[in-house]
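Please read the structure below before turning to the comments.
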Amino acid sequence: MAETMKAVVKYEPGIDKMELREVPVPEIGDDDVLVEVKYAGVCGSDIAFFDGHHENILFPPVILGHEFSGVVAKVGKNVTKWKVGDRVVSDNTGTACGECYACSTADYLSCEHRLGIGYGMDGGWAKYVKILGKTLAVFPNSLMRIPDCMSFEEAAVMDPACNGFMAVVQEAKLMPGEYCAVFGLGALGQFSIQAARAAGAAKIIAIGLEADGERFELAKHHGATHCIMSDKCDLHAEVMKITNGEGVAVVADAAGVNPVLNQAVSITRPAGTIVKIGYDARPYGASLDPIIDKAVNIKGHFGYDWVSWRSVFNLIEAGKWDNKTIISHKLPLSQYREAIQLYKERKSMKVVLYPED
């Protein structure tokens with residue numbers, strides 16, 4: 001094994017401030033696991049890091065990449081669960097305290113002391129990444145085996161897949177036969193549509209913009225029964241027509257921009273649920289009274305749990321979930337800037353990077 005590797009490092013706060021560097025291969029302790037990365041996803045959060053956002057969770061200098069899959073390359077002498085050659089995927093929990101309220105209820109992603117792999121500590125935009133033994137002791141399922149039916153590329157996009165499942169099925173509790181709407185046709189939106197299909201929604205409405213173009217076709221492939229360009233019509237009227245005047249039981253907001261929340265409230269039926277997945281740092285700037293008048297539930301969404309991962313793995317094995325069609329580009333790690341640009345220009349769905357020898 002080489003002593004150094006290429007990695008994409010966010011070296012200080014601010015816009016851009018990242019570069020491809022030659023860095024030491026991580027050294028592991030007696031309880032740690034070293035993973036050789038095969039593929040790593042490019043997430044909207046990585047774009048936010050590039051643009052100088054989300055710096056409350058970013059601790060530079062740090063190797064980026066929180067969505068990754070690979071094989072076990074080395075294990076510490078005390079490790080018995082894993083062996084060299086095991087195909088694995090990480091849920092990117094770098095550290096969790098194991099003692100706070102969230103950890104005590106197995107909600108490790110909400111741990112107040114959590115550091116994420118790929119932003120709080122070194123991640124998968126590199127040849128190798130270290131998984132800490134002390135984290136595996138607290139949260140053993142933060143590292144999981146990849147089912148034989150899945151490729152490394154598919155496994156590398158499990159993070160957004162599980163986000164979509166958690167939001168629609170576990171948090172919104174979508175029931176079979178209900179109506180669901182999804183704002184945003186990026187990866188999180190597409191996976192939310194698949195989650196609604198898996199939950200048995202009677203009608204799934206994909207809501208995007210005229211600029212989304214081919215993304216509407218992908219939404220139909222993933223289960224959308226209706227597609228609406230919200231910038232080309234009266235959204236409320238269209239949704240009421242589709243739902244026979246009832247409105248939708250569940251809205252998954254994978255777009256995030258604040259005007260969407262107003263639109264979401266207007267199309268949600270009384271006592272329905274809106275799960276907000278996407279971010280917008282700007283003030284909301286509107287009255288919350290309609291939320292009260294309709295008794296709408298708004299749930300802030302973050303991440304997933306082990307149930308999300310288990311369920312999506314099972315659905316993939318059963319042929320009822322598709323990670324493959326989300327992946328639009330595979331690029332070498334050295335082309336990470338091209339990957340970022342593809343995302344910014346809306347020319348990609350999901351880019352995965354692979355390390356170069």
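The values are calculated or read from the model by the stated rules, or taken from the named source; none is laboratory data. Just so it is clear, the model here is predicted, and its values are computed rather than measured. Note: ideal-geometry Cβ built from the backbone for every residue, glycine included; neighbour counts use all protein chains shown. Areas reflect the complete protein model, heavy atoms only, side chains present, ligands, DNA and RNA absent. Shrake-Rupley method; radii C 1.70, N 1.55, O 1.52, S 1.80 Å.
Summary of values
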item: Test: residue 306 is within 21 Å of residue 159 (Cβ to Cβ), in contact (Cβ under 8 Å) with a residue 12 or more places away in the chain, open to solvent by 80 Å² or more (accessible area, probe 1.4 Å) and of a type in the set (A, V, I, L, M, F, W, C); result: yes
item: Filtered residues of the range 233-258 (kept if aliphatic (A, V, I, L, M) and under 17 Å from residue 184 (Cβ atoms)); result: 235, 239, 248, 250, 251, 252, 254, 255, 257
item: Residues of the range 60-99 classified as without any contact (Cβ under 8 Å) to a residue 60 or more places away in the chain, more than 16 Å from residue 25 (Cβ to Cβ), of a type in the set (A, V, I, L, M) and not in a loop (DSSP other than H, G, I, E, B), total; result: 1
item: Tally of residues being open to solvent by 20 Å² or more (accessible area, probe 1.4 Å) and in contact (Cβ under 8 Å) with a residue 60 or more places away in the chain across the range 317-348; result: 11
item: Candidates 286, 264, 281 - the one that is surrounded by 22 or more Cβ atoms within 10 Å (Cβ to Cβ), in contact (Cβ under 8 Å) with a residue 12 or more places away in the chain and of a type outside the set (D, E, K, R); result: 264
item: Hey, residue 331 farther than 16 Å from residue 167 by Cα and in a strand (DSSP E or B) or not; result: yes
item: Some residue of the range 133-145 being under 14 Å from residue 303 (Cβ atoms), open to solvent by 40 Å² or more (accessible area, probe 1.4 Å) and not basic (Lys, Arg); result: yes
item: Sole exception among (1) open to solvent by 60 Å² or more (accessible area, probe 1.4 Å); (2) more than 25 Å from residue 127 (Cβ to Cβ) for residue 103, by number; result: (1)
item: Number of the exception - residue 124 against (1) open to solvent by 20 Å² or more (accessible area, probe 1.4 Å); (2) assigned to a loop (DSSP other than H, G, I, E, B); (3) closer than 23 Å to residue 313 by Cβ; result: (1)
item: The range 173-187, residues that are open to solvent by 10 Å² or more (accessible area, probe 1.4 Å) and farther than 17 Å from residue 315 by Cβ; result: 173, 175, 177, 178, 179, 184, 186
item: Qualifying positions in the range 201-215 - under 21 Å from residue 325 (Cβ atoms), outside any loop (DSSP other than H, G, I, E, B) and open to solvent by 10 Å² or more (accessible area, probe 1.4 Å); result: 211, 212, 215
item: Unique match (being surrounded by 18 or more Cβ atoms within 10 Å (Cβ to Cβ), assigned to a strand (DSSP E or B) and not hydrophobic (A, V, I, L, M, F, W, C)) among 19, 36; result: 36
item: Selection within the range 276-301 - touching a helix residue (DSSP H, G or I) at 6+ places or on another chain (Cβ under 6 Å) and small (Gly, Ala, Ser); result: 286
item: Answer residue from the range 44-58, given it is in a loop (DSSP other than H, G, I, E, B) and out of contact with any strand residue (DSSP E or B) (no Cβ under 7 Å at 6 or more places or on another chain) and is surrounded by the most Cβ atoms within 10 Å (Cβ to Cβ) among those; result: 54
item: Condition broken by residue 1, with the remaining ones in (1) over 30 Å from residue 189 (Cβ atoms); (2) in a strand (DSSP E or B) satisfied; result: (2)
